[in-house]
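Asker: Take this structure, written in structure tokens, and hold onto it; I'll ask about it next.
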Amino acid sequence: GAVVSQHPSWVICKSGTSVKIECRSLDFQATTMFWYRQFPKQSLMLMATSNEGSKATYEQGVEKDKFLINHASLTLSTLTVTSAHPEDSSFYICSARDQAGIGSPLHFGNGTRLTVT
Amino acid sequence: KQEVTQIPAALSVPEGENLVLNCSFTDSAIYNLQWFRQDPGKGLTSLLLIQSSQREQTSGRLNASLDKSSGRSTLYIAASQPGDSATYLCAVLHSGNTPLVFGKGTRLSVIA
């Protein structure tokens with residue numbers, strides 16, 4: 001089945017530094033990838049929609065200059081948390097849908113646990 | 001705006017029991033509904049996908065039903081096992097290539 005690989009699985013960084021998270025679709029092409037964030041005991045909240053070759057669409061309340069998204073190819077999207085602060089500590093998950101399957105299941109990466117000290 | 005609610009928020013049952021998890025959504029004009037499992041600190045595993053034209057889907061001990069007109073779905077787990085302990089998330093897709101909207105999940109504990 002379709003696989004989405006997310007890297008790293010966990011990262012600890014100091015306040016003020018930047019962290020890049022990669023999301024790859026391994027056996028399918030994804031024109032659109034979605035980035036979610038999950039705080040403890042909360043549901044997944046959509047942060048942004050990443051479109052290959054164009055600018056990402058951010059949800060209300062998500063700072064686009066802080067969470068930089070690049071979707072340079074049909075198999076790779078990256079999320080960079082810039083100038084990270086402790087309140088950015090969260091679980092970040094990406095998802096992707098096979099470009100040929102509108103309405104087909106979304107496939108999720110295993111997530112990245114970010115801890116900012 | 002679509003809102004997804006899951007009841008109960010947490011559930012603890014003895015091993016072997018059959019159980020039902022509930023999901024409701026406010027906008028019945030959905031494309032499909034998906035149930036996921038999430039283990040602590042892990043990503044999501046897709047369990048069942050029900051298209052808007054379908055009434056139910058089954059996979060092993062899991063059965064998910066969909067009543068689109070009333071905005072409800074249930075996930076039925078038969079003969080629960082300790083390995084079923086996880087958070088179960090319900091999510092709906094409104095249309096086309098839009099993102100999923102998630103409920104807050106039900107944390108299930110199956111006690112041996």
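The values are calculated or read from the model by the stated rules, or taken from the named source; none is laboratory data. Here the structure is a predicted model, which is why all the values come from computation and not from measurement. Every residue, glycine among them, receives a Cβ derived from its backbone with ideal geometry; neighbour counts consider all protein chains shown. Side chains included, ligands, DNA and RNA excluded: accessible areas come from the protein's heavy atoms. Shrake-Rupley method; radii C 1.70, N 1.55, O 1.52, S 1.80 Å.
Asker: Keeping all protein chains in the complex and leaving out DNA, RNA and ligands, what accessible area do you get for A:Asp88 with a 1.4 Å probe, in Å² to the nearest 10?
Answerer: Estimated to the nearest 10 Å², A:Asp88 gives 10 Å².
Asker: Taking both sides together, what accessible area is buried at the A/B interface, probe 1.4 Å, expressed in Å² and rounded to the nearest 100?
Answerer: By this definition, chains A and B bury close to 1700 Å².
Asker: Now a separate question. Under unit Cβ charges (Lys, Arg +1; Asp, Glu -1), what dipole magnitude, rounded to 20 debye, does chain A have relative to its Cα centre?
Answerer: My answer is approximately 180 debye.
Asker: Sort A:Lys14, B:Lys42, A:Lys66 from largest to smallest accessible area, using a 1.4 Å probe on the heavy atoms of the protein chains.
Answerer: Ranked list, largest accessible area first: A:Lys14, B:Lys42, A:Lys66.
Asker: While we're here: Rank A:Thr78, A:Thr49, A:Thr57 by mean-square fluctuation in a GNM of chain A with C-alpha springs under 10 angstrom and give only the top-ranked residue.
Answerer: Fluctuation is largest for A:Thr57.
Asker: Under a 10 Å cutoff between Cα atoms, tell me which one of A:Ser89, A:Ser18, A:Ser43 has the largest fluctuation in the Gaussian network model of chain A.
Answerer: A:Ser43
Asker: Taking the Cβ-Cβ separation of A:Glu87 and A:Lys64 as r and a Förster radius of 22 Å, what is the calculated FRET efficiency to the nearest 0.05?
Answerer: 0.80
Asker: Spit out the partnerless Cys residues in the protein assembly as shown, using Cβ distances under 4.7 Å as the pairing rule.
Answerer: Lone cysteines by the Cβ rule: A:Cys13.
Asker: May I ask you to give the percent of accessible area on the protein assembly as shown that is carbon plus sulfur, with a probe radius of 1.4 Å?
Answerer: Exposed carbon and sulfur together represent 50 percent of the surface.
Asker: Also, I was wondering about something else. When the accessible area of each residue in the range A:5-44 is compared between its chain alone and the complete protein assembly (1.4 Å probe; ligands, DNA and RNA ignored), which residues differ by at least 10 Å², being lower in the assembly?
Answerer: A:Thr32, A:Phe34, A:Tyr36, A:Gln38, A:Lys41, A:Gln42, A:Ser43, A:Leu44
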